[in-house]
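Take a look at the structure below.
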Amino acid sequence: MSEKPTLLDLALTFNHIALASFGGGLSAWSREVIVVEKNWMQDEEFLSAVTMCRILPGANQVNLAVFVGVKFRGIPGALAAVFGLTLVPFLIVLALAYFYFQFHEVPAVKGILKGAAAAAVALTLSMVVKTGRKCLVGLIPVLLFLAIFLMNGIARWPLLACLSLLAPLAVAWGWPRGKKP
Amino acid sequence: MNAKTLVQILLLFSSLSILSIGGGNTVLPEMHIKAVGDHHWLTDKQFADVFAISQAAPGPSILIVTMIGYKAGIGATGNELFGVLGAILATIAMMVPAGLLVYLVSRVWEHAKNSPARKAIEKGFAPLTVGLILASGWVMSKAADHDWHAFLLTGVCTAIFSATKINPLFIVAAAGLIGWLGWV
């Protein structure tokens, strides 16, 4: 892993993630920046953090910012990351709120958003391809992957229901056995 | 804005913060009941519109509470400064309680660095997370890809993102341009 990020690094990096996610795809952008570009975390640690941040209450991406911030710089780190993630988007959303409630519409960006949203879906799908290549090796991980996709994506079961069935199996499978490497 | 609205904003969003297990979207129905039905801060149509705006705007989509807080703050007075105050309060109230919980959990997590439980969770949760990401891509696609043009754009972009190292920002910007030209 590279050097420990400073508070400014954390704020700027999460700001970059937030602004890049125009049209959606915030999780995929987080991985793109935190794992690929900055090399702050490895895929396995990052992915498990993503799911823990989903289980815990709160907005997933805000939670992830807290998690990454605390990991490197404790509470100040969490504050820096959350400020970075939310300050500029907050100002943008506030401006949009002003326009919306004043003029009952938002400046014409609809077409741009349509295109960007299609690309944001693509970024999310490519995250599946890239992370899947590394961790979907063997029968059991592939079955876990398919099962939770069918339950949560197709059948739309609530996250907690899916996890209470599959997480124990996943942890049992992942439990280290034999000699330490 | 009067003190009562201020307290209502703080109470509503800090309680939703703790209730939002699984992410901000899980408390949207409750948020709708309280903000539209009980407090009459916005109309049904306005709630649907601010939802769409917060989804599309950069940053976490939970910033829908910023817009609701803004409208609640303006409320009876019509003063935009109170709107800004309401927006700030709603946003902080929505993030702090859940954030504290994540802080506590991540401290425990750091302490457990070398425990077999943490290793098992990291290894075991990886395939589950990839499945959940595919599920959200699937759900996003249903909302974003209305016709075969958009599907094609998503397909081409997925191939580019997966197979090349081009900065994704260029691709998203190009896709935005394609949308602006009216091709999707």
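Do you know which of the residues in region B:12-44 that are at pLDDT below 90, part of a helix (DSSP H, G or I) and within 12 Å of chain A (Cβ to nearest Cβ) is farthest from the chain's Cα centre (by Cα)? Among those residues, the one meeting the criterion is B:LEU19.
The number of residues in region A:106-141 being within 7 Å of chain B (Cβ to nearest Cβ) and farther than 19 Å from B:ILE160 by Cα comes to 7.
So, restricting to helices (runs of 4 or more DSSP H) that lie completely within region A:5-103, which ones have at least 3 residues that are over 18 Å from B:GLY24 (Cβ atoms)?
A:7-20, A:43-55, A:60-103
Of the set (1) at the interface with chain A (Cβ under 7 Å from one of its Cβ atoms); (2) without any contact (Cβ under 8 Å) to a residue 24 or more places away in the chain; (3) closer than 27 Å to A:VAL68 by Cα; (4) surrounded by fewer than 23 Cβ atoms within 10 Å (Cβ to Cβ), all apply to B:LEU101 but (2). Being touching a residue at least 40 places away in the same chain (Cβ under 8 Å), closer than 17 Å to A:TYR100 by Cβ and not assigned by TED's automatic domain parsing to the domain that holds B:SER136 holds for only one residue in B:GLY59, B:GLY24, B:GLY69, and it is B:GLY69. If you check B:ILE9, B:ILE92 for being within 24 Å of A:LEU19 (Cβ to Cβ) and at pLDDT 95 or above, only one passes: B:ILE92.
Just to be sure I understand the filter: pairs with C-beta atoms under 9 Å, separated by 6 or more residues or on different chains, first member in region A:72-95 and surrounded by 15 or more Cβ atoms within 10 Å (Cβ to Cβ), second member of a type in the set (Asp, Glu). Which pairs pass? Final answer for the pair search is A:PHE72/A:ASP9; A:ALA80/A:ASP9. Could you check, for region B:133-147, whether at least one of its residues is part of a helix (DSSP H, G or I) and over 19 Å from A:ALA116 (Cα atoms)? Among the residues of region B:133-147, at least one is part of a helix (DSSP H, G or I) and over 19 Å from A:ALA116 (Cα atoms), which makes the answer yes.
For every residue, the table says whether it meets (1) at the interface with chain A (Cβ under 7 Å from one of its Cβ atoms); (2) among the β-branched types (Val, Ile, Thr).
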residue: B:LEU134; (1), (2): yes, no
residue: B:SER141; (1), (2): yes, no
residue: B:THR154; (1), (2): yes, yes
residue: B:THR164; (1), (2): no, yes
residue: B:ASN167; (1), (2): no, no
residue: B:GLY179; (1), (2): yes, no
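Over 22 Å from A:ALA20 (Cα atoms), assigned to a helix (DSSP H, G or I), facing another protein chain (nearest Cβ under 7 Å) and free of Cβ contacts under 8 Å to residues at least 12 places away in the same chain, is that true of B:PHE125?
On the way: over 22 Å from A:ALA20 (Cα atoms): yes; assigned to a helix (DSSP H, G or I): yes; facing another protein chain (nearest Cβ under 7 Å): yes; free of Cβ contacts under 8 Å to residues at least 12 places away in the same chain: yes.
Yes: the conditions hold for B:PHE125.
Checking every residue in region A:3-23 against the condition of being of a type outside the set (D, E, K, R), free of Cβ contacts under 8 Å to residues at least 12 places away in the same chain and under 28 Å from A:LEU113 (Cα atoms) gives zero matches.
For B:TYR103, only one of the following conditions fails: (1) outside the structural domain of B:GLY22 (by TED's automatic domain parsing); (2) closer than 30 Å to B:THR5 by Cα. What is its number? That leaves (1) as the condition not met. Of all the numbered requirements in (1) hydrophobic (A, V, I, L, M, F, W, C); (2) touching a Ser or Thr at 6+ places or on another chain (Cβ under 7 Å); (3) over 18 Å from B:ASP38 (Cβ atoms), B:ILE62 misses one, and that requirement is (2). Within the option set A:LEU166, A:LEU144, being more than 19 Å from A:LEU125 (Cα to Cα), at the interface with chain B (Cβ under 7 Å from one of its Cβ atoms) and either in contact (Cβ under 8 Å) with a residue 60 or more places away in the chain or crowded, with 20+ Cβ neighbours inside 10 Å (or both) holds for one residue only, A:LEU166. When you go through (1) buried (at least 21 other Cβ atoms within 10 Å of the Cβ); (2) in contact (Cβ under 8 Å) with a residue 12 or more places away in the chain; (3) facing another protein chain (nearest Cβ under 8 Å); (4) over 22 Å from A:SER30 (Cβ atoms) one by one for B:VAL84, which number turns out not to apply? With respect to (1) buried (at least 21 other Cβ atoms within 10 Å of the Cβ); (2) in contact (Cβ under 8 Å) with a residue 12 or more places away in the chain; (3) facing another protein chain (nearest Cβ under 8 Å); (4) over 22 Å from A:SER30 (Cβ atoms), B:VAL84 is out only on (1).
The values are calculated or read from the model by the stated rules, or taken from the named source; none is laboratory data. The structure presented is a predicted model; accordingly, all values stated were derived computationally and were not measured. For neighbour counting, all protein chains shown are included, and Cβ atoms are generated from backbone atoms with ideal geometry for every residue, glycine included.
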